[in-house]
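All remarks here apply to the structure that follows.
Coordinate-derived values only; no laboratory data. Predicted, not measured: the structure shown is a model, and the values here were computed from it. In this analysis, Cβ positions are derived from the backbone assuming ideal geometry, glycine residues included, and neighbour counts consider all displayed protein chains.
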Amino acid sequence: MKKNIHLSTKPLEIQTCRDFASGNSNGAECIFIGTVRNATQGNAVHQLHFECYESMAIKEMEKIADQALIKFEILTITIHHRVGTLAIGEIPVIIAVGAAHRSAAFDACQFAIDTLKETVPIWKKEFFEDGEVWVSAHP
Amino acid sequence: MKVLIFGAARDIVGKQELDFPLPSDPSVKSFRENICSQFPELKKLNALAFAVNEEYANDEDVLKNQDVVAIIPPVSGG
């Protein structure tokens with residue numbers, strides 16, 4: 001299977017993503033792991049909450065995978081995203097790409113995470129000591 | 001029309017889902033104007049996109065009664 005898309009409330013598994021990306025024709029596997037950081041602009045973050053428009057988010061993730069397979073010389077692409085409440089250090093997103101050569105794998109991985117952040121209807125709320133904020137919502 | 005509302009926009013509207021009358025000019029642009037005049041705080045968001053039946057819509061797209069419209073504040077996945 002060339003692409004694998006998954007949206008889940010359960011913790012994401014790095015090995016599962018790598019397994020989807022693996023293949024004997026690969027000379028490179030590039031795996032991007034997004035993690036929950038403990039601060040935003042100097043303010044301590046306690047946890048993040050992700051919500052999504054599930055059916056559309058899956059469609060948009062599929063589109064990114066399809067575009068990446070056309071745009072770059074890659075063999076497989078896996079995009080897994082988590083929703084729900086995540087603690088510091090947990091993993092909201094994994095993108096794993098298999099390719100014959102590393103440059104296409106790096107490029108496709110970068111393209112996929114950049115596009116995901118622009119188009120996939122998923123929203124994150126940051127929880128601070130003294131309040132909570134939807135990320136990027138307001139100027 | 002069924003309208004789904006997410007993230008910061010849902011906090012402003014106070015509901016996850018609305019039943020909204022089809023505007024007399026049934027364009028996405030006119031829906032945008034109607035919903036923003038009913039909930040003026042929506043105008044303060046960085047951006048406001050709309051999806052019709054799970055696809056991003058343009059201002060000139062035409063809405064039908066059975067469409068599912070989604071109000072999409074700036075996305076922040078990843």
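Among the listed pairs A:LYS124/B:LYS44; A:LYS3/A:LYS63; A:LYS10/A:LYS63, a Cα-Cα separation exceeding 21 Å is found for A:LYS10/A:LYS63.
Scanning chain A for long hydrophobic helices, with DSSP H runs required to stretch 18 angstrom or more by C-alpha along their axis and to average at least -1.0 on the Kyte-Doolittle scale, returns A:54-71, A:102-119.
Computed on the stretch A:3-134, the Cα convex hull volume stands at 97 Å³ per residue.
The simple spin-label model puts a point 7 Å past each Cα toward its Cβ; for A:HIS49 and A:ASP66 those points are separated by 3.4 nm. Round to the nearest 0.05 the FRET efficiency obtained for A:ASN38 and B:TYR56 when R0 = 22 Å and r is the Cβ-Cβ distance. That gives a FRET efficiency of 0.10. Where in chain B are there GluC sites (Glu not before Pro) that are in a DSSP coil and have at most 14 other Cβ atoms within 10 angstrom of their Cβ? Here the GluC sites (Glu not before Pro) that fit, given the DSSP loop and packing criteria, are B:GLU60. Ordering B:MET1, A:MET56, A:MET61 from the fewest to the most neighbouring beta carbons within 10 Å gives B:MET1, A:MET56, A:MET61.
Placing unit charges on the Cβ atoms of the charged side chains and taking the dipole of the protein assembly as shown about its Cα centre, the candidate lying farthest along the positive direction among A:ALA65, A:TYR53, A:SER25 is A:SER25. Between A:LYS59 and A:ALA87, the simple label model (points 7 Å from Cα in the Cβ direction) yields a spacing of 3.7 nm. Helical runs (DSSP H, four residues minimum) scored at -39500 (n - 2.57) apiece and divided by the length of chain A put the mean residue ellipticity at 222 nm at -10500 deg cm²/dmol. Note on the stretch B:20-78 and the stretch A:103-128: Cα centroid distance 23 Å, given to the nearest whole angstrom. This model, with +1 at the C-beta of Lys and Arg and -1 at the C-beta of Asp and Glu, gives chain B a dipole about its Cα centre of some 240 debye.
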